[in-house]
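Everything on this sheet refers to the single structure shown next.
The values are calculated or read from the model by the stated rules, or taken from the named source; none is laboratory data. Given the structure is predicted, the values throughout are model-derived calculations rather than measurements. Virtual Cβ from ideal backbone geometry, glycine too; neighbours counted across all protein chains shown.
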Amino acid sequence: MLMAGKNNSRKVHTLIMEQIKDVQGCLISFENFLRAATTPATNNETLRALAEGVHQMENAADRSLRTMIDSLGGAFLPSTRQDLISIATNCDKIANKCEHTAMMIVLQRFLFPADFAKDLMQIQKYTHQQFDVLSESISLLFSKFGELLQDHSILDKVREFESYVDELEKGLYERIFAMDLDLAHRAQLANFVELVCDVSDIIENIADQIQIMLITRKA
């Protein structure tokens, strides 16, 4: 367990996992939005409604983040508080990225080509699985810190999912720039693929941050 009073640690653990749950909810809402954005028959009003759902979940994640940060107080050493705040705020970036991507797709009235749906939804599946592993890793910081300190191979699973996303992302770029479209359209399409894949990169960065936190606390 991280160094803190048992009650304080349990409280912070509960609150940070509540924030994680809200970020996960944002990911689910974004997945629903993206599914619609790859369906040709979807109209802009439907996309706007789904984007609003992403926005509401992003707001929930913001609120739970602030509650968690407020709970830290003097519960941990300053360096640990800073690490936990950094991990939590970076998790919040996942929700921010989902909201931003949904908003930009709606504002530009953009729909992905239908034949991109399979790869994009697979990217979302991998990203969700990746986030689930990250969530477990964060929980272990509180429940089994000593074990995680000795063996943090779980973080390699986070990176493994990111490599799967990278492969799909590369394949989509290759398809995009082979399409018979003007350069501006291809660039717009590539930009939205990048935004979707950015979430996986953020998750990997948080895993790296956790590993650094563990290494700096080894005797």
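Here are some notes:
- Residue match in segment 94-114 (condition: touching a Leu at 6+ places or on another chain (Cβ under 6 Å), of a type in the set (A, V, I, L, M) and within 19 Å of Glu52 (Cβ to Cβ)): yes
- Filtered by the rule that a residue be closer than 21 Å to Glu18 by Cα, touching a residue at least 40 places away in the same chain (Cβ under 8 Å) and over 15 Å from the mean Cα position of the chain (by Cα), segment 114-143 gives Ser139, Leu141, Phe142, Ser143.
- Residue that is surrounded by the fewest Cβ atoms within 10 Å (Cβ to Cβ) [pool: residues in segment 147-186 that are of a type in the set (Val, Ile, Thr) and under 19 Å from Asn205 (Cα atoms)]: Ile154
- Any hit, segment 22-36, residues being part of a helix (DSSP H, G or I), at pLDDT 95 or above, within 23 Å of Phe145 (Cβ to Cβ) and in contact with a helix residue (DSSP H, G or I) (Cβ under 7 Å, 6 or more places away or on another chain): yes
- Criterion violated by Met213 - all others in (1) over 25 Å from Ala51 (Cα atoms); (2) surrounded by 15 or more Cβ atoms within 10 Å (Cβ to Cβ); (3) modelled with pLDDT of 95 or more satisfied: (3)
- There is at least one residue in segment 176-193 that is under 30 Å from Gln211 (Cβ atoms), assigned to a helix (DSSP H, G or I) and under 16 Å from the mean Cα position of the chain (by Cα).
- Qualifying residue in segment 196-210 (condition: in contact (Cβ under 8 Å) with a residue 12 or more places away in the chain, of a type outside the set (Ser, Thr, Tyr), crowded, with 17+ Cβ neighbours inside 10 Å and over 24 Å from Ser29 (Cβ atoms)): yes
- Of the helices (runs of 4 or more DSSP H) entirely within segment 57-162, those holding at least 2 residues that are charged (D, E, K, R), in contact with a helix residue (DSSP H, G or I) (Cβ under 8 Å, 6 or more places away or on another chain) and at pLDDT below 95 occupy 78-107.
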